[in-house]
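Undergrad: Pasting a structure here, questions to come.
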Amino acid sequence: MKTTLTALATLTAGLLFSTHSLAHHSFAAEFDADKKLDIAGVVTKVEWTNPHTYFWIEVEGKEGVDVWGFEMGSPNGLMRRGWTKDTLAIGTEVIVRGTQARDGSTRGNAQAVILADTCTRLFAGTSQRDFVEDESAKVEGCTPKQ
Amino acid sequence: MFSRIAIFFACLGLSALLWAQTGHPAKGSWSGNLTSASGEVTRLRLLIDDHNGELSGAVNPGRNAVEMSKVTLDAATWTLTINAKMPEGDVVLTGKLSNLGSWLNRKYVGTYKQGSATGNFDFTIN
């Protein structure tokens with residue numbers, strides 16, 4: 001009985017932790033560094049989860065609205081870069097620069113998020129190894145809306 | 001000793017999942033369309049919050065947000081009514097929440113009235 005209980009408890013704990021492990025992967029396994037994205041939309045959802053933070057935007061297209069989902073760094077990593085839980089409030093207009101998923105779906109890895117109101121650029125803690133954050137570079141294609 | 005540690009971690013994991021199950025069914029970010037009787041489609045986003053059962057929120061949250069003037073839920077029929085003073089005129093959305101157990105496909109479907117115009121709406125939680 002004791003052995004069965006121990007095995008059951010260990011299995012349960014293992015299953016729970018496995019979901020976190022599955023979410024952790026290499027950049028190259030999921031995203032294509034050659035598929036550059038520069039896309040504007042409105043934030044509809046943010047999930048501050050480990051090991052990655054995710055957010056979704058609605059993008060107005062010619063044939064309606066597309067929903068794009070983006071992966072960023074860990075919540076702790078983003079907070080160390082100055083992000084707060086209110087940085088990407090629902091309804092915030094953003095321009096996202098990053099790379100698209102290998103499968104061509106509307107998912108991507110964000111390198112930088114530009115707040116459209118102020119043209120403030122926030123680095124998104126991408127896991128792309130050769131990405132260099134260049135804070136001196138101009139935020140092109142953005143005119144402050146306020 | 002090992003079994004106690006294993007049970008402790010299992011309980012810890014389960015408690016985290018249980019914690020995530022709380023929340024008002026209307027609370028959250030919703031996206032959808034209003035379709036007028038003449039077929040004109042207007043995209044809208046709703047952000048609804050809950051303060052101890054009292055609902056509030058905004059239509060099109062962001063720079064051009066419009067605060068909801070009144071949000072009520074009849075829990076017996078899951079009928080949610082939203083009033084907002086939009087620039088184009090006061091709007092009243094009346095519809096039912098469904099798929100309440102769904103995390104990603106919860107729906108808010110019904111009819112709206114804005115001045116003399118009427119139509120249908122269909123929102124899905126984001």
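Undergrad: Restricting attention to the stretch B:31-126, which chymotrypsin sites (Phe, Trp or Tyr not before Pro) occupy a DSSP loop and are surrounded by at most 13 other Cβ atoms within 10 Å?
TA: Here the sparse-neighbourhood loop sites are B:W103.
Undergrad: From the backbone phi of the stretch A:137-145, what are the Karplus-calculated ³J(HN,Hα) couplings (6.51 cos²θ - 1.76 cosθ + 1.60, θ = phi - 60°) in whole Hz, Gly and Pro given as x?
TA: 5, 5, 7, 7, x, 10, 10, x, 8
Undergrad: Calculate the dipole size of the stretch A:27-123 relative to its Cα centre from +1 charges on Lys and Arg beta carbons and -1 charges on Asp and Glu beta carbons; express the result in debye to the nearest 20.
TA: 380 debye
Undergrad: Through the Karplus equation 6.51 cos²θ - 1.76 cosθ + 1.60, θ set to phi - 60°, convert the phi angles of the stretch A:80-96 into ³J(HN,Hα) values in whole Hz; use x for Gly and Pro.
TA: After applying 6.51 cos²θ - 1.76 cosθ + 1.60, I find 5, 8, x, 6, 10, 5, 9, 4, 10, 5, 4, x, 5, 8, 9, 10, 10 Hz.
Undergrad: Starting from the amide H of A:T53, placed 1.01 Å from N in the peptide plane, find each other amide H under 5 Å away whose residue is 5 or more places distant or on another chain.
TA: Under 5 Å from the amide H of A:T53: A:M72, A:G73, A:S74.
Undergrad: Over the stretch B:24-125, what relative contact order in percent results from Cα pairs under 8 Å that are six or more residues apart?
TA: Relative contact order, the stretch B:24-125: 24 percent.
Undergrad: When the chain is fully extended, how far beyond the present Cα-Cα distance does B:K96 get from B:S36, taking 0.36 nm per residue of separation?
TA: Using 0.36 nm per residue and subtracting the Cα-Cα distance, I get 19.8 nm.
Undergrad: Give the cross-link partners of B:K85 among the lysines, using a straight C-alpha distance below 27 Å as the criterion and excluding same-chain residues fewer than 8 apart.
TA: Leaving aside lysines fewer than 8 places away in the same chain, those within reach of B:K85 are A:K45, A:K145, B:K27, B:K70, B:K96, B:K107, B:K113.
Undergrad: One quarter of the convex hull surface, Cα atoms only: what value does that give for the stretch B:24-125 in nm²?
TA: Its Cα hull, projected and averaged over all orientations, spans 6.3 nm².
Undergrad: Principal axes first, then extents: for the Cα atoms of the stretch A:27-123, list largest minus smallest coordinate on each axis, whole Å, largest first.
TA: Largest first, the stretch A:27-123 extends 35, 31, 20 Å along its Cα principal axes.
Undergrad: Still on this model: Can you list the HN-Hα couplings for the stretch B:40-55, worked out from phi with the Karplus curve (6.51, -1.76, 1.60; θ = phi - 60°), rounded to whole Hz and with x for Gly and Pro?
TA: 6, 10, 10, 7, 9, 10, 10, 10, 10, 10, 10, 10, 6, x, 8, 9
Undergrad: If you take the square roots of the eigenvalues of the alpha-carbon gyration tensor of the stretch A:70-146 and sort them as a ≥ b ≥ c, do you get rounded (a/c under 1.5), prolate (a/b over b/c) or oblate?
TA: Here the stretch A:70-146 falls in the rounded category.
Undergrad: About the Cα centre of the stretch B:24-125, how large is the charge dipole given +1 on each Lys and Arg Cβ and -1 on each Asp and Glu Cβ? Please answer in debye to the nearest 20.
TA: Its charge dipole is roughly 180 debye.
Undergrad: By how many nm would the segment from B:R43 to B:T79 lengthen if fully extended, with 0.36 nm per residue of separation less the alpha-carbon distance?
TA: Going from the current span to full extension adds 10.8 nm.
Undergrad: Related question: Please list, ordered by chain and number, the residues whose modelled amide H lies under 5 Å from the amide H of A:T120; skip anything fewer than 5 residues away on the same chain.
TA: Close amide H contacts, sequence-distant or interchain: A:L115.
Undergrad: So which trypsin sites (Lys or Arg not before Pro) in the stretch B:50-115 are both in a DSSP loop and have at most 15 other Cβ atoms within 10 Å of their Cβ?
TA: Listed in order of number, the matching sites are B:R63.
Undergrad: Need one number: convex hull volume per residue for the stretch B:65-126, Cα atoms only, in Å³.
TA: 87 Å³
Every number here is computed from the coordinates shown, using simple stated rules; none is lab data. Note that the structure is predicted; figures quoted are calculated from it, not measured. Reconstructed Cβ throughout: ideal geometry from the backbone, glycine too, with neighbour counts over all protein chains shown.
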